[in-house]
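What follows is a short report on a single structure.
Any read-out appearing in this document is the output of simple, stated calculations on the displayed coordinates, not a laboratory observation. If you're wondering where the values come from, they're calculated on a predicted model, not measured in any experiment. Methodologically, a virtual Cβ is constructed for each residue, glycine included, from the backbone with ideal geometry; neighbour enumeration extends over all protein chains shown.
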Amino acid sequence: MFAEYANGEQTVGADYAWIDRYLYVTVMGEAESLISETTHLWSRAAIAEFDSKTETATDITLIVDTDVGEDDEITAVTFEGAEGYGGNDVMYALAMAHQFRFRAYAAQSPTSQITPHPAAFDYVTNVEAFVSDLQDVTGVEPTDDGLKFIRSDPGIEYETTEAGSEESDDGGLDRVTVVEADTEEVAVYDSPDDVPEEKDETGLFGRIRSLLR
């Protein structure tokens, strides 16, 4: 769902999506108030900033225990994503190393992207190929717990529910919202196929697209 939230003195729009025990939020710009005011509600949380022009997840922070330390302290793992992978690398690394369900852009990509990214209810359909493509990129070796974690994605169960039956044949996306990074102009397309192509989608990006619903 799309709703607003108060970010300091400003009110900005945000995409919210809930699946199993995870809440995903995507927002353009800073989300400092949202983070600081809700961290105490979770046992773990992941925060990531994205560079829309290079399709890179930057400045990722996984808060591994929100109850450790003083009020102004957290116990966290911080790292950078691989350029051009749009957060798919972060999804893989956090699943393998920490069994954490990260979705690259939660509900909607904030800008036009060529790299396919998992939406909140998407899941990996070809685990072996997904691991093969991303373990070299991230330097994170697959683990038994991580592989089991990916295969048990609650998105699989969601697809069998009444709500999931409304998903479209093009991978669960019934509409695409594109925000132009430079002008902040918004365009809405009824199908991902309607989004104008801007880059070559062959090679690795094409393979990753086939791995995600």
In terms of modelled amide H atoms, which long-range or inter-chain residues lie less than 5 Å from the amide H of T56?
-> D51, G84, G86
Stretch gain in nm, segment E32-T125, where the contour uses 0.36 nm per residue and the Cα spacing is subtracted = 30.1 nm
Label points 7 Å out from Cα along the Cβ direction at V77 and F2: separation in nm?
-> 3.4 nm
Just the Cα atoms of the range 1-56, one point each, no solvent: what log10 I(q)/I(0) does Debye give at q = 0.12, 0.13, 0.17, 0.27 Å⁻¹?
-> -0.30, -0.36, -0.62, -1.29
Enumerate the amide H contacts of I19 below 5 Å, restricted to partners 5 or more residues apart or on another chain; note that Pro and chain-start residues carry no placed amide H.
-> Y24
Filtered GluC sites (Glu not before Pro), the range 1-59: DSSP coil and at most 15 other beta carbons within 10 Å = E9, E30
Largest-first principal axis extents of the Cα set of the range 3-120 (Å) = 41, 35, 25
Extension reserve of the E9-K53 stretch, reckoned as 0.36 nm per residue once the Cα distance is removed | 13.0 nm
